[in-house]
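The structure under discussion appears below in the form of structure tokens.
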């Protein structure tokens, strides 16, 4: 079995993602109910913040676990470039 940087916190990560999924469904319901735009936007901001937290946690696990393994295999430069690409994609929005 492959060990990933998030393996130790997989259950916690799954719970957080399910909570975010529920928030997204809540926004869909708000739209169906013609709720006030600002209320919907507030919920969207909360979801974005929650996803950012998940992303940062995954990056942390990657840096602490996967990058170490890559360095041991002589792939440090390649993995650093890959991680920085992922960081760049996370930071780019709309």
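The values are calculated or read from the model by the stated rules, or taken from the named source; none is laboratory data. Owing to the predicted nature of the structure, the values given are computational and were not obtained by experimental measurement. In this analysis, Cβ positions are derived from the backbone assuming ideal geometry, glycine residues included, and neighbour counts consider all displayed protein chains.
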Fill in the blank from the handout: residue 52: passes all of (1) modelled with pLDDT of 95 or more; (2) under 16 Å from the mean Cα position of the chain (by Cα); (3) closer than 25 Å to residue 92 by Cβ but (1)
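I'm trying to understand the selection: among the residues of region 62-74, which are over 17 Å from residue 85 (Cβ atoms) and in contact (Cβ under 8 Å) with a residue 12 or more places away in the chain? Please lay out each step first, then the result.
Just the residues of region 62-74 that are over 17 Å from residue 85 (Cβ atoms), to begin with: 64-65, 68-69, 71-74.
Answer for region 62-74, where residues must be over 17 Å from residue 85 (Cβ atoms) and in contact (Cβ under 8 Å) with a residue 12 or more places away in the chain: 64, 65.
Within region 25-38, can one find any residue that is assigned to a helix (DSSP H, G or I) and under 17 Å from the mean Cα position of the chain (by Cα)? Outline the logic, then answer.
Step one: list which residues in region 25-38 are assigned to a helix (DSSP H, G or I), which gives 25-32, 37-38.
Adding the requirement that they be under 17 Å from the mean Cα position of the chain (by Cα) leaves none.
There is no residue in region 25-38 that is assigned to a helix (DSSP H, G or I) and under 17 Å from the mean Cα position of the chain (by Cα).
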Handout entry: Residues of region 1-52 satisfying the condition of being surrounded by fewer than 11 Cβ atoms within 10 Å (Cβ to Cβ) and touching a residue at least 12 places away in the same chain (Cβ under 8 Å)
Key = 3
Exercise for the section: Would you mind telling me which numbered condition in (1) assigned to a helix (DSSP H, G or I); (2) out of contact with any helix residue (DSSP H, G or I) (no Cβ under 6 Å at 6 or more places or on another chain) residue 3 fails? Expected result: (1)
Handout entry: Selection within region 53-94 - surrounded by fewer than 14 Cβ atoms within 10 Å (Cβ to Cβ), under 19 Å from residue 15 (Cβ atoms) and in contact with a helix residue (DSSP H, G or I) (Cβ under 8 Å, 6 or more places away or on another chain)
Key = 53
Practice task
Restrict the check to region 9-23 and report whether at least one residue is modelled with pLDDT under 90, within 15 Å of the chain's Cα centre (by Cα) and assigned to a loop (DSSP other than H, G, I, E, B).
Solution key: no
Practice task
For residue 46, indicate whether it is part of a helix (DSSP H, G or I) and under 17 Å from residue 65 (Cβ atoms).
Solution key: no
